[in-house]
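Structure first, commentary second.
The values are calculated or read from the model by the stated rules, or taken from the named source; none is laboratory data. All values reported here derive from a predicted model rather than from experimental measurement. We place every Cβ from the backbone using ideal geometry, glycine too, and count neighbours over all the protein chains shown.
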């Protein structure tokens, strides 16, 4: 990713088209380190002198050095920076032994002696420093790096050669073989009228690597005959040329799109036709929320990716007010909360790095929650089995009812219900016809009033114990009714479609929680499986889904 850096200065685009203005000060820095005291020579580094001559002939103010120590390279770089005090173009050519670590690269001084990561700044010129200086002229700077595959002893943490570099906005970087880059600089680079994109095409045709700015609108060097045309121009022609220069500069400014580029335009044209737009762009760039919004929009997140972000926030106990893939006010507040917790600017808009960090945190937390759930479930199952052995395992009705009272969704709940059914059938066979008919009537009505009516008529009837058990269950249900109704409303508000419901049932089934048929229809088996899941994970046990339960269930499914 290219990032902007460096303070603003005037763009050196199309300046030769403006009649009546002073010429730009083009500046070039060329360093060719051929002879190393403690490494093989870079044989073609001295070819950079040919490139230096061509640059000087093309009108660049030249700073040239060869076989330089690190201190001398830094001094020459400082002189080059002083040459860049006004508008113009800049070319920096560095040839010699390079070493890199991660995204940092150094041109090693001729005195370098087995530098390691702790000492390389004292024995080399940092390329990122060079690039920041080049960024003083966004849209008008080219950095060229040349080397050869020669042996050089290096210490820990360093790798020979040119590594990946972070290129500032508006800067082009060309790299390759030292001889090839010298020839390219002396020839193809300095052809008048070429845009950066055309220069890049020519460089790649010679097997050179190109990174950074690839503007296709304005030439790096103006067309060869522009100055002569300007000398004898009429007032109208000069005005037209100045308008064209302004348009060209604005096109390039928008193409670069950095604060430095817009400030450069305003210095040249403070009252220009695009001045208001330039100031607005700077204001938006300096607005952290606007920057963050632009960064998020650049990711072009899909609906599923947005849903994943909401799921990640929910896993971290930050409520996005829905897992629907729509970033409304609730999601924005949740993102801002997460950003504040993690030391980021709380804009409510995610960057790519923040999205990666959020996903990693959620994945780690999800793993922790699953480990906790597995431990809790193992303990619950141990207690369940122990209680079964002490109650229902004996097979008597009292023991079975005691087990179901404590573990209505337990490991042996289905078995206990099957065994109780045997007792009921036996009582049916033994009960007198009137008793049995009264109980069947009470069961068909299925209300507490019907069961009480049966007990009033048959307090010692064959089904009296069962009637009392039904009443106890109803009382429990009444106590939980308000909670269940609220849980139903919460689940309905989630708006789960049939596909998501099937995913949930598949997840419950994979966990061995017996949700019944996987068809997207939440029946009593599904509700029991949900209750078992909630119990094992320390969630509110309702048998109905809320946002937190869905986020946990779909951890491996979205």
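When residues in the range 514-531 are screened for being buried (at least 19 other Cβ atoms within 10 Å of the Cβ) and within 35 Å of the chain's Cα centre (by Cα), 1 of them pass. Residues in the range 128-141 that are under 22 Å from residue 178 (Cβ atoms) and buried (at least 24 other Cβ atoms within 10 Å of the Cβ): 130, 134, 141. What residue, of 496, 554, 545, is buried (at least 16 other Cβ atoms within 10 Å of the Cβ), outside any loop (DSSP other than H, G, I, E, B) and in contact (Cβ under 8 Å) with a residue 40 or more places away in the chain? Matching residue, one of 496, 554, 545: 554. The selection criterion, being buried (at least 17 other Cβ atoms within 10 Å of the Cβ), at pLDDT below 95 and either in contact with a helix residue (DSSP H, G or I) (Cβ under 8 Å, 6 or more places away or on another chain) or assigned by TED's automatic domain parsing to the domain that holds residue 35 (or both), does not hold for residue 119.
Among the residues that make up the range 60-80, is at least one of them touching a residue at least 60 places away in the same chain (Cβ under 8 Å), touching a helix residue (DSSP H, G or I) at 6+ places or on another chain (Cβ under 8 Å), crowded, with 16+ Cβ neighbours inside 10 Å and closer than 30 Å to residue 221 by Cβ? Within the range 60-80 (the criterion being touching a residue at least 60 places away in the same chain (Cβ under 8 Å), touching a helix residue (DSSP H, G or I) at 6+ places or on another chain (Cβ under 8 Å), crowded, with 16+ Cβ neighbours inside 10 Å and closer than 30 Å to residue 221 by Cβ), the answer is no, since none of the residues qualifies. Per this entry, residue 131 is counted among residues that are on the phi < 0 side of the Ramachandran plot and in a helix (DSSP H, G or I). Would it be correct to say that residue 454 is touching a helix residue (DSSP H, G or I) at 6+ places or on another chain (Cβ under 6 Å), within 30 Å of residue 551 (Cα to Cα) and either surrounded by fewer than 14 Cβ atoms within 10 Å (Cβ to Cβ) or outside the structural domain of residue 516 (by TED's automatic domain parsing) (or both)? Spelling it out, it is not the case that residue 454 is touching a helix residue (DSSP H, G or I) at 6+ places or on another chain (Cβ under 6 Å), within 30 Å of residue 551 (Cα to Cα) and either surrounded by fewer than 14 Cβ atoms within 10 Å (Cβ to Cβ) or outside the structural domain of residue 516 (by TED's automatic domain parsing) (or both).
Scanning the range 134-189 for residues that are more than 15 Å from residue 91 (Cβ to Cβ) and assigned to a strand (DSSP E or B) yields 147, 159, 160, 168, 176, 177. Where helices (runs of 4 or more DSSP H) fall wholly inside the range 341-430, the ranges with 2 or more residues that are assigned by TED's automatic domain parsing to the domain that holds residue 313, under 50 Å from the mean Cα position of the chain (by Cα) and modelled with pLDDT of 90 or more are 352-390. Checked against the criteria, residue 109 does not count as in contact (Cβ under 8 Å) with a residue 24 or more places away in the chain, in the same structural domain as residue 52 (by TED's automatic domain parsing), surrounded by fewer than 24 Cβ atoms within 10 Å (Cβ to Cβ) and in contact with a strand residue (DSSP E or B) (Cβ under 7 Å, 6 or more places away or on another chain). Could you please let me know if residue 304 is surrounded by fewer than 17 Cβ atoms within 10 Å (Cβ to Cβ) and in a loop (DSSP other than H, G, I, E, B)? So residue 304 fails the test.
Going residue by residue through the range 35-52, is there one that turns out to be in contact with a helix residue (DSSP H, G or I) (Cβ under 7 Å, 6 or more places away or on another chain), farther than 23 Å from residue 252 by Cβ, assigned to a loop (DSSP other than H, G, I, E, B) and modelled with pLDDT under 95? Within the range 35-52 (the criterion being in contact with a helix residue (DSSP H, G or I) (Cβ under 7 Å, 6 or more places away or on another chain), farther than 23 Å from residue 252 by Cβ, assigned to a loop (DSSP other than H, G, I, E, B) and modelled with pLDDT under 95), the answer is yes, since at least one residue qualifies.
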